[in-house]
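Bear in mind these aren't lab numbers, they're just calculated from the coordinates by the rules spelled out. Here the structure is a predicted model, which means the values were calculated and not measured. Positions of Cβ are generated from backbone atoms using ideal geometry, with glycine treated the same way; all protein chains shown enter the neighbour counts.
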Amino acid sequence: MTTIKTIALRTSTFAAALLAMTAGASALTLDLGIRSISARFVDATGTEIANQSDSEIVTNGATYQNNLSVFIGSSNRFEASVGMSIVGTFGIAARASQAGTLTTRVSLLETYVNDQSTPVDLSATFVVVDGAMFLVAGDNGTLTYDLGVGTFPFGQFSGRGVLEGNTANGFFASFSESGDSLGATQASVGDAVDIPFSVHTVDLGRIEPGASLDYFYNIEIVMDATALEVASWQFVDPGATFPLPALSTVSARPASGPPSAAVPLPATLPLFLCAFGGLAFAARRRRVG
């Protein structure tokens, strides 16, 4: 198995788009920001073989400074690379040929304060550049993504996609989505799953003068199999973690009319506020296997 290669993610096009989408965000101050990435492999006996994480915390309107990165790998049995740049662009790439549980995660939790004298309505936009998932595994072997976005702790966007192996079907895996969709598709059983480019906006509701709001973004991709031939995945999102006062996915507009009546959806995954890490990279959409 070749080593996963990472390259710098080009953000100019997405930065321009996000700048247009986040006009008016100056009403907000980033009071506290915590971002993290991690990668962990546990073999089929339950023994932890590798675990790395990286994180950064900022307060009082400061901007993030570090490039976060983690990489784990062992004798071509598994590899996982997770990375995040200073501006918050991130990517995940992983591959395994050994049974066990391989987990990759990117998490963000930020507290924003309305520093104006009038209430504002908030929304958040995140962009998925692309992604892919591939699995050849026995019964109960799965490759799963869980994505949650919105106001902490429940969020307004909650989506899951699962590739599930089947021994009777030649170890070929079938795909299903639940909750909010990323538009992922599988041409036929056994094929790689394609996660296409998409833009998503969620309504975060209203924030009064001097009040605060906790915003989170959490993507977790997990391979879990006791009988495995190969699993691989990638996920690239340039727009989920831009900090203030530069680019931010959380935008504010003057409040008008009654507060929005958006109903939060139950989150499908826990937020892990430690174990952050990252290394920004571009992953061109391709079939993986």
Net dipole in debye of region 106-205 [+1 Lys, Arg Cβ; -1 Asp, Glu Cβ; about Cα centre; nearest 20]: 120
Neighbours of Phe41 by Cβ distance under 10 Å: Lys/Arg at +1, Asp/Glu at -1, summed charge -1
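How do the peptides 219-226, 60-67, 200-207 rank, highest first, by the average count of neighbouring beta carbon atoms within 10 Å per residue? Each step should come with its number before you reach the end.
Values: 219-226: 22.9, 60-67: 14.1, 200-207: 19.2.
In descending order of packing, they fall as 219-226, 200-207, 60-67.
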Neighbourhood charge, 13 Å Cβ-Cβ cut-off, centred on Phe171 and excluding it, Lys, Arg +1 and Asp, Glu -1: -3
Extension gain, Asp214 back to Thr201 (0.36 nm per residue minus Cα-Cα distance, nm): 3.0 nm
In whole angstrom, and with the biggest value first, how far do the Cα coordinates of region 12-254 range along each principal axis? 63, 32, 31
Which value results when the Cα radius of gyration for region 122-162 is divided by 2.2 N^0.38 Å? 1.54
Say each of Ser97 and Val189 gets a label point 7 Å from the Cα, pointing the same way as Cα to Cβ; how far apart are those two points in nm? 2.6
